[in-house]
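Engineer: Sharing a structure here in structure tokens format.
The values are calculated or read from the model by the stated rules, or taken from the named source; none is laboratory data. Just so we're clear, the structure is a prediction, and the values are computed from it rather than from any experiment. Note that each Cβ is placed from the backbone with ideal geometry, even for glycine, and that neighbours are counted across all protein chains shown. In case anyone asks, the SASA skips ligands and DNA or RNA and just uses the protein heavy atoms, side chains included. Shrake-Rupley method; radii C 1.70, N 1.55, O 1.52, S 1.80 Å.
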Amino acid sequence: MTMQMPIRATRRSHDMREVSILQLIEWAFQREKVRIDFEQGTQHRPQGALKGYGMEHILMRQAELGCRVDGGGTSEPHPDADAVADALAVLPEGHGGQRMAMRIGELARAGQVPSWHIPEKTRVVPCEWRTTKHGTFAQTESAGMLSYMSRGKLREVEVKYCPITIQNHPGDAAALRREYLGWWGALLELRDTFRIYGGLTSYVVTEAMPPRTPWKDAAR
């Protein structure tokens, strides 16, 4: 599912552009092609920041320095893109940690948001099909032999059943929505952290967020 959110930036007097947190992250991964460094080596860490510090400390130090300390030698991403990567690298476990950080980066790089709905209704279908000259039929399996009396004689007949599977189970939709809410909550954490602690040199993060429960809007 792709959400088109073109940046409509407004410049402030000090040349800072307003963007949403999603726009900022997509810019960092799509245009600046930033990568998340979970190791957070000293050559990629703001001076004075130690392993284990949260993103609040990292962003405050970057705001003081106005850049990210690196080894130089090649063209580096914009400092604000580095700040995004550093914030994701230390995303709290309560918001998904490294797994969620990677997911946010993958989606941002593709310009997508998590899929939250199943396009088709729930269906019960056979697990397998078989085709004969008479057509296509559900594959059946034997459940054993059944004995019964008929006209004074003991007779036996094989009982068969059709294994089924449920497609587009409501539980699948619930799982997708939980994933979406986890992604949304992580973006909210990042948004609030950037708004409170700064750490950016060219952008300022607004309050704008993607819809929290788009399935409710779709149901109207």
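Engineer: Probe radius 1.4 Å, ligands and nucleic acids left out: which of Ile25, Ile164 has the largest accessible area, and how do the rest follow? Display every interim value, and only then the final one.
Structural biologist: On the way: Ile25 5, Ile164 100 Å².
The residues order as Ile164, Ile25, largest area first.
Engineer: Going by accessible area, probe 1.4 Å, with all protein chains left in place, what is the ranking of Asp172, Asp37, largest first?
Structural biologist: Descending order: Asp172, Asp37.
Engineer: On to the next question. Once ligands and nucleic acids are excluded and a 1.4 Å probe is used, how much of His95 is accessible, expressed in Å² to the nearest 10?
Structural biologist: The value for His95 is about 60 Å².
Engineer: No solvent, one uniform scatterer per C-alpha: report log10 I(q)/I(0) for segment 123-166 via the Debye equation at q = 0.18, 0.23, 0.24, 0.33 1/Å, two decimals.
Structural biologist: Reported log10 I(q)/I(0), two decimals: -0.67, -0.80, -0.83, -1.07.
Engineer: To continue, here is another question. Averaged per residue, what accessible surface does segment 106-219 expose to a 1.4 Å probe, in Å²? Provide the component values of the computation, followed by the final result.
Structural biologist: Numbers: 7450 Å² over 114 residues.
Counting only protein heavy atoms, the per-residue value for segment 106-219 is 65 Å².
Engineer: Is there a quick way to get the dipole size of segment 123-166? I mean about its Cα centre, with the Cβ of Lys and Arg at +1 and of Asp and Glu at -1; what is the value in debye to the nearest 20? Walk me through the intermediate numbers first.
Structural biologist: On the way: 7 positive and 4 negative charges, 47 e Å.
Here segment 123-166 has a charge dipole of around 220 debye.
Engineer: When the label point is put 7 Å from the Cα of Arg130 along its Cα-to-beta-carbon vector, which residues of segment 163-205 have a backbone N closer than 11 Å?
Structural biologist: none
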